[in-house]
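Have a look at the structure below, then the notes.
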Amino acid sequence: MKLTQKEMEIVEILEKDSRIEIEDVAKMVQLSKEETEEAIKKLEDNKIIVRYITVVDWAKLEENAGITAMIDVKVTPKRGVGFDEIAERIYRFTEVSSVYLMSGTYDLSVIIEGKSMNEIASFVSNKLSTLDSVVSTTTHFILKKYKHDGIIFDSVNKDKRIVVS
Amino acid sequence: MKLTKHSYLSKTVQDLKPSGIRKFFDLAAGMEGVISLGVGEPDFVTSWSVREAAINALEQGFTSYTANAGLLELRQEISNYMEKQFKVSYSPESEIIVTVGASQAIDIAMRAILDPGDEVIVIEPCFVSYIPMVELAGGKAIQVQTLKENDFKILPSQIEEVITERTKAILLCSPNNPTGSMLNKKELEELAAITQKYDLLVIADEIYGELVYDEEYTSLPSISGMKERTILISGFSKGFAMTGWRLGFVCSPEEISSAMLKIHQYAMMCASTMAQYAAIEALKNGRSEVDEMVKSYRRRRNYIVDSFNEIGLTCHMPGGAFYAFPSIESTGLTSQEFAEQLLKQEGVAVVPGDVFGKSGEGHIRCSYASSIEQLQEAIKRIKRFLEFLQINENSRQENKKS
């Protein structure tokens, strides 16, 4: 699907801040409020805009600080469906937050979020490695998130400019 | 012994007026919680790849002087950049000088061409340094005032009216600080015709040349017959968000270039070496970041201009730079009064238009190089301020009646 330049602008603006007022978006792209609403609806209907979510720095909350692991998975692709079938069998687990098909030394990159290391360990050994096509897994635990989806956690963005120049 | 002004200071310097921007800075600097639309520089920090290149230059020990005109590698990059981005070709060996900001480039340009009493046509409203720069070089600044009705674009006929025997050059800034107005190709061609007819030089300050939003940008020397009579001034401050690095450049025909180089080598030696290494990186790999910044400024410009018009401050759509220049005439206040009261009452700093020349009166310069959240808050406060002025005005009218 091809977007007009203004639709593209709208996507970019909402990607940075999905809570911005429609009126402000309209001004920024030089459209009327109605035209902007219509464009956003079109983007939503076509699943270009899939969902509006919130980026949370969970590490700040002691009780909820979960654990994230990235697992490199080697699999045997199947004739006719390639990697898609095994990928689907993996991404259907609610613990799995992302699955990507990769080039390089392994096939699928699986990102898992769990409450504890035990929980993730048991997922890997009981559910993931037991799948037929899975040949091997390598699990990496994330120790600290510095930057996530373009957002730097704990960044101090102080304006260093002089007030009038 | 105490020095007395009268006996020691140069007459020229004594006659210079202090910058109106400076005065406003002093007023705003001590206040808490100020939202500033008074800032004449990008809100972006220089891109990391550029900063990293400077760090690397320091680690490698590049801490000595460079050639007077700047690193040859940088001049070659500038030459490529001018060719590619602005369709004009300059020789890196003989027509380009790397300067300490565009400001120094203006200074050496003036000093290279002016004899005492020579006239330079300065188009108002303009950056606060222009007239002092002309005067410090011994010249006389002849001011021409652009009009709101023409979106602050100069008309060639206005220039023609003030040309005399002593006119040597026109100082042009497009896109303009403070109005944001930009001359398109056709308008530049008309201006070019006048300069050719009267055999004038143009000092073209194109420091905002990267920051244009609607029409395609035309660099003056790219117009036929203009390269030989243009001193083109640009730099890294605005387009590449590198204000604090103090790095600019000036391109001109060899004769003028070698004259400017004489002044530069005696007065400055060379621009900062590590900044020059950073600039090489900016030109080599900075394009996509510049494009992103332009996109972001365009959105903010659209937002703020629309918002000003909505709350009753008429504002033309500026074609470039990052300034909106709305009219505040409807409030009945002078631009100084408006800016001062707005700052004291609502904590929003703007620059009164009259500091950029008489024709700026009745307007305020608002930089939109701030986050959209800041702009939203500023608009909210300015709106509240306007409503307050309105209520005051109404009650004054009431009092008169009774």
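Any read-out appearing in this document is the output of simple, stated calculations on the displayed coordinates, not a laboratory observation. The shown structure was predicted, so the numbers you read here are calculated from the model rather than taken from an experiment. Heads up, the Cβs are rebuilt from the backbone with ideal geometry, glycines too, and the neighbour counts pull from every protein chain shown.
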Exercise. Name, by its number, the condition in (1) aliphatic (A, V, I, L, M); (2) in contact (Cβ under 8 Å) with a residue 12 or more places away in the chain; (3) over 30 Å from B:LEU343 (Cα atoms) that does not hold for B:LEU9.
Key: (2)
Self-check item: Given (1) buried (at least 22 other Cβ atoms within 10 Å of the Cβ); (2) touching a Gly at 6+ places or on another chain (Cβ under 9 Å); (3) acidic (Asp, Glu), number of the condition B:ASP205 does not satisfy
Solution: (2)
Self-check item: Residues within segment A:91-111 that are closer than 15 Å to A:THR139 by Cα and more than 16 Å from the chain's Cα centre (by Cα), tallied
Solution: 3
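Among the listed residues B:ALA102, B:ALA53, B:ALA57, which satisfies the condition of being within 23 Å of the chain's Cα centre (by Cα), at negative phi and not aromatic (Phe, Trp, Tyr)? Explain how you work it out, then say what you get.
Values: B:ALA53 fails: within 23 Å of the chain's Cα centre (by Cα); B:ALA57 fails: within 23 Å of the chain's Cα centre (by Cα).
Result of the check over B:ALA102, B:ALA53, B:ALA57: B:ALA102.
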Quiz prompt | Members of segment A:18-29 that are surrounded by fewer than 12 Cβ atoms within 10 Å (Cβ to Cβ) and facing chain B (nearest Cβ under 9 Å) | solution = A:GLU21
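Within segment B:1-102, which helices (runs of 4 or more DSSP H) (wholly inside it) include 3 or more residues that are within 14 Å of another protein chain (Cβ to nearest Cβ) and closer than 30 Å to B:PRO352 by Cα?
Answer list for segment B:1-102: B:20-29.
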Quiz item: Does segment B:63-81 contain any residue that is more than 21 Å from the chain's Cα centre (by Cα), crowded, with 21+ Cβ neighbours inside 10 Å and basic (Lys, Arg)?
Solution: yes
Exercise. Of the numbered conditions (1) surrounded by 19 or more Cβ atoms within 10 Å (Cβ to Cβ); (2) within 29 Å of B:ASP291 (Cα to Cα), B:ASP151 fails exactly one; give the number of that condition.
Key: (1)
